[in-house]
Amino acid sequence: MAECLPTTYAVSCPAKIILHGEHAVVYGKAAIGTSIDLRTYAILKNTRLSSDADNVVISFKMPQIDVDVSWPLDSIKSKVGTEYPEMLDELKTLASQADSDSNSYAFVGSLVFVFLFASICGKTDLTQNVCVEVDTEAPLGSGLGSSAALSVCVSALFLVLANNIQLPSVNNMDITIAQLKNAMSKGEMKQGYFTRENLGHINNWGFAAERIVHGNPSGIDNALCTHGGTMRFIEGQFTSLKAFSSDSPISLVVIDSCIPKSTQKMIFAVKDKQMQIPKIFDPIFASIDAISERCCQEFNRILSENSAPDYKLLEDLIFINHQLLCAIGVSRLELDNIHQFTQRLGFVSKVTGSGGGGCMLALVTPENEKRIPILKDALTEKGFKSWQANLGVQGICYHLPSNSDT
Ligand SMILES: Nc1ncnc2c1ncn2[C@@H]1O[C@H](COP(=O)(O)OP(=O)(O)OP(=O)(O)O)[C@@H](O)[C@H]1O
Ligand SMILES: C[C@@](O)(CCO)CC(=O)[O-]
């Protein structure tokens, strides 16, 4: 068997946090979200030249949850061309090789992987084995978009593999994700950026995969992981808000309740109730929409007038939004306790993302800023994790050795 130098592509994208508009955005209302500096890394390696194209193997690794699974190329390619619902059933059979429990992260992640491979690379002639490894700094299943980050990174890599996107290829960069991050910290790697058009392709495939995982998502999570920054998102369209930069006056503490939740179940639970009592739910969504729009207006005002935020207003919006999220049933006792607890320490907080568990956000103001260490210690004592996130960070990018001439 002829060996060849491994060709490696490495990409990373940020996690996201929704400030206002979660759930309502699924019903065509406005939401505001921003990217945060917890990155998901994905590396694709073409490992060896196969003299026999029938034996090409496609592998997927998510070491954080002990997933290391391989499929013969043909077993995935044979599903290509099958009509949509049947194709998905067949891909589920392949994903069950990672874990037979269809609710597990291993199964869902592998389903995303084989779906994207079959859809994007299904007609590509491949003579080399392909191995993709994914690793994330974001807590899994916590409302910070780990599933969208996985979908977006893997979409980008497969678009490159299928030659739909051309990136400088790096031969013999036989690097693991840990080595990549280490090299980045030493300044030995540089970043490259996708064109606007390619970001559009990546986002579209990321959304297609998110639809498989979450049923009826709005697309805000994949848009934030792809494009980064801060955005107002409505009905699949986004506008960038220049709200957060390194010297931004807006800062948040992210609180992870460490309570697992399922985005898909939360979206379905809200849908059920909305269908039962639309006259009650729809006005709540309209109020959340008004909160998002008022927040956008304030962010735009801060920028245009170059003035300080109206923190009282921002706190009121967060407070009211949390109550509305309680009303639609996506909070829970533990999250309400966090809401009240942070309030006693002078921080207004709300559920972020799909709720039912996962993360909350608390606004930092000039008044409470000095008490952040006290807040964090108190939250740690109660068994919660918390940190001050960098907001509005770069979307998906690719990584190359600094000394490469590309
Ligand atoms: N490095 C990784 N290791 C394991 N699983 C990962 C990794 N990156 C992403 N995932 C995927 O993250 C998913 C968790 O998704 P889930 O929708 O429950 O939460 P979330 O995306 O963090 O929350 P939300 O959708 O509310 O923002 C799993 O399906 C899992 O496959
Ligand atoms: C709950 C939700 O609004 C946000 C999840 O991060 C779902 C979605 O918009 O797809």
note = When the chain is treated as a Gaussian network with springs between alpha carbons less than 10 Å apart, the largest mean-square fluctuation among Glu293, Glu367, Glu305 is found at Glu305
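So for Glu137, Glu369, Glu83, Glu315, what's the accessible-area order with a 1.4 Å probe, most first?
Ranked from most to least accessible, the order is Glu83, Glu369, Glu137, Glu315.
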key: Share antiparallel - DSSP beta bridges, the chain, percent rounded to 5   = 95 percent
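Between their Cα atoms, which of Lys265/Lys385; Lys16/Lys265; Lys350/Lys376 are more than 18 Å away from each other?
On the way: Lys265/Lys385 24 Å; Lys16/Lys265 20 Å; Lys350/Lys376 16 Å.
Beyond 18 Å between Cα atoms: Lys265/Lys385; Lys16/Lys265.
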key: Residue with peak Gaussian network fluctuation, the chain [Cα springs, cutoff 10 Å], from Gly33, Gly383, Gly145   = Gly383
query = Per-residue accessible area for Cys326 at 1.4 Å probe radius, Å² rounded to 10?
reply = 40 Å²
ask   = How big is the shadow of the Cα convex hull of the chain, averaged over all directions, in nm²?
value = 20.4 nm²
key: For the range 95-163 versus the range 16-78, the gap between their alpha-carbon centres in whole angstrom   = 3 Å
remark   = With only helices counted (DSSP H, runs n ≥ 4, each -39500 (n - 2.57)), the per-residue ellipticity at 222 nm for the chain, to the nearest 500, works out to -13000 deg cm²/dmol
Low-density loop positions, trypsin sites (Lys or Arg not before Pro), the range 63-124 - DSSP coil, at most 15 other Cβ in 10 Å = Lys123
remark   = For the range 238-312, shape from the Cα gyration tensor axes a ≥ b ≥ c, cut at a/c of 1.5 then a/b versus b/c, turns out oblate
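Rounded to two decimals, what is the ratio between the C-alpha radius of gyration of the range 94-199 and 2.2 N^0.38 Å? Walk me through the intermediate numbers first.
Values: Rg = 15.2 Å, N = 106, 2.2 N^0.38 = 12.9 Å.
That works out to 1.18 for the range 94-199.
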Cα-based reach from Lys181 at 12 Å (exclusive), listing aspartates and glutamates while leaving out same-chain residues under 8 positions away = Asp135, Glu137
Estimated translational D of the range 268-352 in µm²/s (Stokes, Kirkwood radius over Cα pairs; 4 °C; 1.567 mPa s) = 91 µm²/s
message = Cut-off 10 angstrom, C-alpha nodes, Gaussian network model of the chain. Which of Glu298, Glu210, Glu197 fluctuates the most?
response = Glu197
message = Along each principal axis of its Cα atoms, how long is the range 246-388 end to end? Whole angstroms, biggest number first, please.
response = 45, 40, 24
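What's the magnitude of the charge dipole for the chain around its Cα centre, counting Lys and Arg as +1 and Asp and Glu as -1 at the beta-carbon? Answer in Debye, nearest 20. Don't skip to the end; give the middle numbers.
Details: 33 positive and 42 negative charges, 148 e Å.
With Lys and Arg at +1 and Asp and Glu at -1, about 700 debye.
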The range 35-137 - share of DSSP beta bridges that are antiparallel (%, nearest 5) = 80 percent
key: Lys190 long-range amide H proximity, modeled H, under 5 Å   = Leu400, Ser402
query = How big is the charge dipole of the range 1-121 about its Cα centre, in debye rounded to the nearest 20, if each Lys and Arg gets +1 on its Cβ and each Asp and Glu gets -1 on its Cβ?
reply = 500 debye
ask   = If you find the alpha carbon centre of the range 288-321 and of the range 172-221, how far apart are they in angstrom?
value = 30 Å
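The values are calculated or read from the model by the stated rules, or taken from the named source; none is laboratory data. Treat the numbers as computed from the prediction; the structure is a model and nothing was measured. Cβ atoms come from the backbone with ideal geometry, glycine included; neighbour counts cover every protein chain shown. Accessible surface is based on the protein model in full, side chains and every heavy atom, while ligands, DNA and RNA are left aside. Shrake-Rupley method; radii C 1.70, N 1.55, O 1.52, S 1.80 Å.
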